[in-house]
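Below: one structure, written as structure tokens.
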Amino acid sequence: MTRSDLVEELAARFGQLTHRDAEFAVKTLLDSMSDALVRGNRIEIRGFGSFSINRRPPRMGRNPRSGESVAIPEKRVPHFKPGKALREAVDARTEELLTLPNSG
């Protein structure tokens with residue numbers, strides 16, 4: 001699902017929202033989440049999951065072309081941990097799709 005798919009879904013579910021309003025709502029939500037993560041805050045959406053920042057320590061890597069060692073600096077990266085309800089829903093849906101008879 002892309003950002004534009006999300007906007008389309010929101011506009012379709014809520015008839016009183018114009019496409020522009022739905023686009024603004026999605027943009028505002030995603031910008032707010034990004035800003036919170038940049039500030040180092042954790043985001044928790046009950047039943048869906050949580051977003052946090054993980055620290056990747058500095059390490060030594062290798063340039064695949066030349067084979068020489070390269071120092072890779074420390075990084076802070078976003079991390080998503082799905083909630084129990086989302087994990088169970090995905091698992092149930094996956095099981096459902098796996099048990100469908102093949103049509104072809």
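Structure summary
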{"quantity": "Under 20 Å from the Cα of Lys75 - aspartates and glutamates, other chains or at least 8 residues apart", "calculated": "Asp35"}
{"quantity": "Selection from Gly83, Ile72, Leu37 lying farthest towards where the dipole of the chain points positive, charges on Cβ", "calculated": "Ile72"}
{"quantity": "Solvent-accessible heavy-atom area per residue, rounded to whole Å², over region 12-57 at 1.4 Å", "calculated": "79"}
{"quantity": "Positive minus negative residues near Lys75 (Lys, Arg vs Asp, Glu; Cβ under 11 Å)", "calculated": "+3"}
{"quantity": "Simple Cβ-charge dipole of region 1-77, Lys/Arg +1 and Asp/Glu -1, about Cα centre, in debye nearest 20", "calculated": "560"}
{"quantity": "Region 1-64-region 65-99 distance, computed between alpha-carbon centres (Å)", "calculated": "16"}
{"quantity": "Accessible area of region 2-64 belonging to carbon and sulfur atoms, whole % at 1.4 Å probe", "calculated": "55"}
{"quantity": "Rule-of-thumb Rg ratio for region 33-104 [Cα; 2.2 N^0.38 Å; N residues]", "calculated": "1.75"}
{"quantity": "Radius 13 Å from Cβ of Arg13, net charge of other residues (Lys, Arg +1; Asp, Glu -1)", "calculated": "-4"}
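The values are calculated or read from the model by the stated rules, or taken from the named source; none is laboratory data. Predicted model, so just to flag it, every value in this text is computed and none were measured. Positions of Cβ are generated from backbone atoms using ideal geometry, with glycine treated the same way; all protein chains shown enter the neighbour counts. For accessibility, only protein heavy atoms count, side chains too; no ligands or nucleic acids. Shrake-Rupley method; radii C 1.70, N 1.55, O 1.52, S 1.80 Å.
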